[in-house]
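Asks: Following this message is one structure expressed as structure tokens.
Just so you know, all these numbers are worked out from the coordinates, no wet-lab data involved. Worth saying up front: this structure is predicted, and the values here are computed from it rather than measured. Cβ sites come from the backbone with ideal geometry, for glycine too, and all protein chains shown count toward neighbours.
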Amino acid sequence: MEHLDQLLVDMKESLEREMRDGFASVTARFDTQSARLDRQAALLQAGTRWTSRMDAWADKIDVALEARDREIAELRERLARLERKSA
């Protein structure tokens, strides 16, 4: 009977070791996956920030170009009127 008790205790301890090792392996894989996902998230955030800045810059340039085009059109109109007056 004592032999059976020892066998059960040894089996329980062996199972505990296997489970501990298995969980350690799973935890290590999750840690690796988590690090990879964190890197990807950082890249996405950086890309999103860059895209937002580029959109704001493009909007600002569009407004500036529109104002410049309007000024050029007004100057051409004034020049054409002056040329008509002098002719």
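Asks: Going by a ≥ b ≥ c, the root eigenvalues of the Cα gyration tensor, does the stretch 1-43 fall in the rounded group (a/c under 1.5), the prolate group (a/b larger than b/c) or the oblate group?
Replies: Prolate.
Asks: Short version: ³J(HN,Hα) in whole Hz for each residue of the stretch 68-83, in order, from phi by Karplus 6.51 cos²θ - 1.76 cosθ + 1.60 (θ = phi - 60°), x for Gly and Pro, what are they?
Replies: Result, rounded to whole Hz: 5, 4, 5, 4, 4, 4, 5, 5, 5, 4, 4, 4, 4, 5, 5, 5.
Asks: Oh, and also: Per residue of the stretch 19-36, in order, report the coupling 6.51 cos²θ - 1.76 cosθ + 1.60 (Karplus, θ = phi - 60°) as ³J(HN,Hα) in whole Hz, putting x for Gly and Pro.
Replies: After applying 6.51 cos²θ - 1.76 cosθ + 1.60, I find 5, 4, 5, x, 5, 4, 5, 5, 4, 4, 5, 5, 4, 5, 5, 4, 4, 5 Hz.
Asks: Suppose we look only past 15 Å in the calculated P(r) of the chain. What percent of the Cα-Cα pairs does that tail hold?
Replies: The share of Cα pairs beyond 15 Å in the chain comes to 80 percent.
Asks: So, R0 is 41 Å and r is the distance between the beta-carbons of Met11 and Gln33; what FRET efficiency does that work out to, to 0.05?
Replies: The computed FRET efficiency comes out at 0.80.
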